[in-house]
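This report refers to the structure that appears directly beneath it.
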Amino acid sequence: MPTIPIIAPERLPALLAAMPKAELHIHIEGSLEPEMIFALARRNGVDLPYANVEALRRAYAFTDLQSFLDIYYAGASVLLKEQDFYDMASAYLARAAMDNVVHAEIFFDPQTHTARGVAIDTVIQGLHRACVDARAELGISASLILSFLRHLSEEDAFATLEQALPWMDKFIGVGLDSSELGHPPEKFARVFARCRELGLHVVAHAGEEGPPAYIWGALDVLKAERIDHGVQAVHDAALMRRLAEERIPLTVCPLSNLKLCVFPSLAAHNLPALLEAGLVATVNSDDPAYFGGYINANFIQTFAALPILTARHAWQLAHNSFEASFAPQAEKRAWGDRLQACFEHHASA
Ligand SMILES: [Zn+2]
């Protein structure tokens, strides 16, 4: 770690907001704000089971992952045309750029859409076009990660991969998301092996609600290069050592964990323990429209709830987000330089 300038504690929220960062755990369907859900429902003539924006927002009182997923899939039902996917991703990327995200690796769930009769090319072309335009217009780089729904079968995942093959130049990897408990990584061993053969990056949600055994499975069976969430790793000392030694990043999502009752409060979150153990932990927003905040809200609220976290941790988290990304080394170095300049600015200004 280079020398980190001294930052006064009262300057920490501004620094957290201003520092360049990468977001590596964002489900694009989870960035659909209630206002956009209603606008797209009107545009596409879709009936929603909620009277208005306020009624939909009131339904966002989740008790666990499944209660969230039920509403998440209802919200996604308004996405029908390529322009809908473009508008959704463009709105997220504009919002992310405001939070000084310089690079985003964005999950999309094709099965949520193909099951409703939307063609996978509609999904991928709309999202990809938004990524291309965001680089040109906002200076933010963005890549797509195709995520399989783990509550569905491996056969279904194989069928999705098959449909996506013509568009392989438009996504960089695959992930595994949706209902974790009862759907261990081993269920997807063969489709992930195929994805690795195809040269795709491989990541997986594991250890959000599920046990450390699911993280071992994601590493050993799926050969995941990154673990999404992974916060349950702290219950397994050998696993913690392995994650640290092999520098396997964890994409942690504090406000999501709070909303889905993985931790009783942000003050009880184990992000400090993950960092102290030397893990490549990062901070991300997961499904920001549903969980009460985009990436800067995650940073600022988590640091406010955990005063043990200082500017040194902020630097480490931003640096980790670059290291953990699948971006080219030259870009990572350039973002690292911008990070250092940002810290120096906040120390001296
Ligand atoms: Zn997630």
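Values quoted throughout were computed directly from the atomic coordinates according to the rules given, and no laboratory measurement underlies them. It should be emphasised that the depicted structure is a prediction, and the values quoted were computed from it without experimental measurement. Ideal geometry is used to build each Cβ from the backbone, glycine not excepted, and the neighbour counts take in all protein chains shown.
Worth a mention:
- Gain in span if fully extended, Asn52 to Ala8, counting 0.36 nm per residue against the direct Cα distance: 11.4 nm
- Gaussian network model of the chain, Cα within-10 Å springs - most flexible of Ala238, Ala18, Ala268: Ala238
- Cβ-Cβ distance of Ala39 and Ala238, R₀ of 45 Å, FRET efficiency by 1/(1 + (r/R0)^6): the value works out to about 0.35.
- By the helix-only formula, in which each DSSP H run with n ≥ 4 contributes -39500 (n - 2.57) and the sum is divided by residues, the chain has a 222 nm mean residue ellipticity of -15000 deg cm²/dmol.
- Which of Leu16, Leu243 has the fewest Cβ neighbours within 10 Å, and the rest in rising order: Leu243, Leu16
- Whether the range 227-275 is rounded, prolate or oblate, judged on the alpha carbon gyration tensor where a/c under 1.5 counts as rounded: prolate
- Rounded to 0.05, the FRET efficiency of the Gln125 and Met98 pair, given R0 = 30 Å and the Cβ-Cβ distance, is 0.75.
- Nearest 10 degrees, 0 to 90: helix 65-76 Cα axis against the chain principal axis: 60
- Cβ crowding within 10 Å ranks Thr302, Thr63 as Thr63, Thr302, fewest other Cβ atoms first.
- Sequence of Cys261, Cys195 once ranked by neighbouring C-beta atoms within 10 Å, starting from the fewest: Cys261, Cys195
- For the residue pairs Lys21/Lys223; Lys170/Lys223; Lys170/Lys332; Lys21/Lys81, alpha carbon separations beyond 24 Å are given by Lys21/Lys223; Lys21/Lys81.
- Here the contact order of the chain, divided by its residue count and restricted to Cα pairs under 8 Å and six or more residues apart, works out to 22 percent.
- Overall form of the chain per C-alpha gyration tensor (a/c, 1.5; a/b vs b/c): rounded
- Gyration tensor (alpha-carbon) shape descriptor, the range 1-42, a/c threshold 1.5: prolate
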